[in-house]
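Engineer: Could you have a look at this structure, given as structure tokens, before my questions?
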Amino acid sequence: DWRLGSRNAVFVESRVSLLILEGGRLAVELAPQSGGSIARFTCDGVDLLRPMTAEAIASGKGTNAALYPLVPYSNRIRDGRLAFGNEIIQLARNWPGVNHPMHGDGWAHAWQVVRGDARSAEIVYEHEPAGGQGGWPFRYRARQQYRLDEASLEIRISLENLEDRVVPAGVGLHPFFVREADCTLTCRTAFVWRTDTEVLPIEYIPVPSEWDFSQGRRPDSVFLDNCFDGWDGRASIAWPKRRLRLDLEASEPFRHAVIYTPAGQRFFCIEPVSHANGQVGLAPLAAGGTLLQLILAGFLV
């Protein structure tokens, strides 16, 4: 078991330990064995992301995490039919209740801890294809590095191509922010994909006024599960009653953001991703190459 920071959260029934990082008012609980996920993220003990339950941690997957990684692609691939150059790669369904493969496979596997101390950690997942089962057919190594200080959380996520050929590759992060009646999201985007009933992109349009978050708006004001383009890599989330604001910055090539505001839920998502929904086939990574991105979340009272 890894026991980091001044606290240790171990769910005996699941035999899974959490890595605890603490930095002043902030604390992060990591669940590497459950899809390389964040199980909890707090400021002064108050949740900023939806907390992961003991049952969710015990599942060994990140589907109900506070945040999970998206590797080697984000969102859905229509009918599992991935076109890459002159190839057609057929992928199997991998998500309960969804007719199309979604969100890659990092969330479904245990990640290994390679380094850790009270304020930082590094975890790795190395993917080996399972022949003939419709999984991702290319070898890769994904890595997440976390660093916590007094006022911010830094996450570096990378994907290294272990093949001796060019392959499609993408990365992203899927956080679930706590949703309150007065909270607001502010971010600037230029274009968006309209979707069909299965949340697959069908039309690329300028952002309509009712989907424009540039001046800040409540997530409750609109239902979305859409990928936005032309994002400047910045977003701000405010919780006025808490007198707290989170400022998020994402490095290039995170210039797409999926905004998910499901009705009746106590969370909403803004997901920094490296490619548009369904378009990982247009994102080549050279043999031995590495795709690296950085997310920095800073907090202001």
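The values are calculated or read from the model by the stated rules, or taken from the named source; none is laboratory data. Since we're looking at a predicted model, the values are computed, not measured. Because the Cβ atoms are built from the backbone with ideal geometry, glycine has one as well, and the counts that use them run over all protein chains shown. Areas reflect the complete protein model, heavy atoms only, side chains present, ligands, DNA and RNA absent. Shrake-Rupley method; radii C 1.70, N 1.55, O 1.52, S 1.80 Å.
Engineer: About the Cα centre, and with charges only on the beta carbon of Lys, Arg (+1) and Asp, Glu (-1), how big is the dipole of segment 172-301? Nearest 20 debye, please.
Structural biologist: I would put it at about 540 debye.
Engineer: Taking only protein heavy atoms into account and a 1.4 Å probe, give the accessible area per residue of the chain in Å².
Structural biologist: Heavy-atom SASA per residue in the chain reads 43 Å².
Engineer: What chymotrypsin sites (Phe, Trp or Tyr not before Pro) in segment 210-239 are in a loop by DSSP, with at most 14 other Cβ atoms within 10 Å of the Cβ? It would help to have the intermediate numbers written out before the result.
Structural biologist: Values: sites: Trp211, Phe213, Phe223, Phe228, Trp231; in loops: Phe213, Phe223, Trp231.
Qualifying residues, ordered by number: Phe223.
Engineer: Rank these by accessible area, largest first, 1.4 Å probe: Glu271, Glu22.
Structural biologist: Glu22, Glu271
Engineer: Quick check: pseudo-label points 7 Å beyond the Cα along Cα→Cβ at Asp182 and Arg25, how many nm apart are they?
Structural biologist: Label at Asp182, label at Arg25, 1.6 nm between them.
Engineer: Now a separate question. For the chain, what does the relative contact order come out to in percent, with C-alpha contacts under 8 Å and a separation of six or more?
Structural biologist: 17 percent
Engineer: How much of Thr63 can a 1.4 Å solvent probe reach, expressed as accessible area in Å² and rounded to 10?
Structural biologist: Answer for Thr63: close to 40 Å² accessible.
Engineer: By its C-alpha gyration tensor, with a ≥ b ≥ c as the square roots of the eigenvalues, how is the chain shaped: rounded for a/c under 1.5, else prolate for a/b larger than b/c, else oblate?
Structural biologist: Numbers: a/c = 1.63, a/b = 1.10, b/c = 1.49.
It comes out oblate by the Cα gyration axes.
Engineer: Go ahead and estimate [θ] at 222 nm for the chain from helices alone: -39,500 (n - 2.57) per DSSP H run with n ≥ 4, summed, over the residue count, rounded to 500.
Structural biologist: After summing the helix terms and dividing by the residues of the chain, the value is -500 deg cm²/dmol.
Engineer: Restricting attention to segment 93-170, which GluC sites (Glu not before Pro) occupy a DSSP loop and are surrounded by at most 11 other Cβ atoms within 10 Å?
Structural biologist: Values: sites: Glu122, Glu126, Glu150, Glu154, Glu160, Glu163; in loops: Glu150, Glu163.
The qualifying sites are Glu150.
Engineer: Still on this structure: What translational D, rounded to a whole number of µm²/s, comes out for segment 44-183 from Stokes-Einstein when the hydrodynamic radius is the Kirkwood one over Cα pairs, at 10 °C and 1.306 mPa s?
Structural biologist: So the translational diffusion coefficient is about 95 µm²/s.
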